[in-house]
């Protein structure tokens, strides 16, 4: 049985980054850019007004006030995107909109609130120094500057930068294709009625949601009954068509647990079958050519947790994300936690309070089949393997579900 940290390190060492592909800017959100994106222009590209008002010569309005206003000749309008033929000389003013190019001759802007317009004259009630309310060309960034670097996750700010620089398409790392296979004679589709000993296949839907949240393209395969030959055949046919192949159930010690045997019969080289964790001790990982194989336990919480702690970081790495692959929050433990020594234990609970005064309250139910713990809880405390008791008041690290 392998330790949690060793298992995760081994898995991540087997992950290769997805090859780059080009997508449209509108489809790049949430993806990881595969190459630096240098600025294609200075921004702003020209001196422009930061305010609505009048472009003037600073010397012409020196000393202007409510008591001693200055009148200037109106010489025209300069709207954003308009032509730049207007020239402003001493004693003149041009109406200017926010973002409009500063006309030749003008060297400052008086905001509209400090002016009046009367009979072709602009009355100025407050003088401004040279350069006031002017955004200079290149003051944001210069052509060739690299603000979005390889490995950056593209969010709304990056979309803004890329769009401003004309990147209609972007090179990003490919998302992995994840195949999800549940096994169990007891399983029926989620839209089917249940009776007798049947249960709905909630795990496949859950793992699909988790995989897509992590950045993958997921496909749920038809669930299979606990029939050895059928499982062996199906896995042999489909396993290598995915970057990640995820099985659910059928890997414990039961008489009808055939998944482990089927994976190995199909050519998967399994690195381990058990991890010193709770929940989720029966968990397997291996490779089949370029396919990463994750064998998850069938209990809903064990299935959820093992995917989150092992497969999610692997997907992040494939997508080009850089470590750390998970954000931890420091919290104060609200109640004693008792656990089995020798197992890293993933304790579900809730976070209360605001940083830095955050408290983690463990949930009463911690069974591996308790779906309610996934709904009622919003965080997980990783209790170290070497401890039997973690006491109330200790500072701990937790991650959000």
Margin query: Which residue is surrounded by the fewest Cβ atoms within 10 Å (Cβ to Cβ), if the candidates are limited to region 264-306 and must be under 25 Å from the mean Cα position of the chain (by Cα) and free of Cβ contacts under 8 Å to residues at least 60 places away in the same chain?
Written below: 291
Check: Looking only at region 54-83, which residues are on the phi > 0 side of the Ramachandran plot and either surrounded by 22 or more Cβ atoms within 10 Å (Cβ to Cβ) or part of a strand (DSSP E or B) (or both)?
Finding: 76
Margin query: If I filter region 84-103 down to residues being assigned to a strand (DSSP E or B) and touching a residue at least 40 places away in the same chain (Cβ under 8 Å), which single residue comes out as surrounded by the fewest Cβ atoms within 10 Å (Cβ to Cβ)?
Written below: 95
Next item on the list: Of the conditions (1) farther than 25 Å from residue 249 by Cα; (2) under 24 Å from the mean Cα position of the chain (by Cα), residue 348 clears all except one; give me its number.
Entry: (1)
Checklist line | Checklist (1) modelled with pLDDT of 95 or more; (2) touching a strand residue (DSSP E or B) at 6+ places or on another chain (Cβ under 7 Å); (3) part of a helix (DSSP H, G or I) applied to residue 209, failing item | finding: (2)
Check: When the residues of region 382-401 are filtered to those that are touching a helix residue (DSSP H, G or I) at 6+ places or on another chain (Cβ under 9 Å) and farther than 10 Å from residue 345 by Cβ, which remaining residue is modelled with the lowest pLDDT?
Finding: 401
Check: What residue, among those in region 214-240 that are in a helix (DSSP H, G or I) and touching a residue at least 60 places away in the same chain (Cβ under 8 Å), is farthest from residue 153 (Cα to Cα)?
Finding: 239
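The values are calculated or read from the model by the stated rules, or taken from the named source; none is laboratory data. Everything quoted here is computed from the prediction, not taken from an experiment. Reconstructed Cβ throughout: ideal geometry from the backbone, glycine too, with neighbour counts over all protein chains shown.
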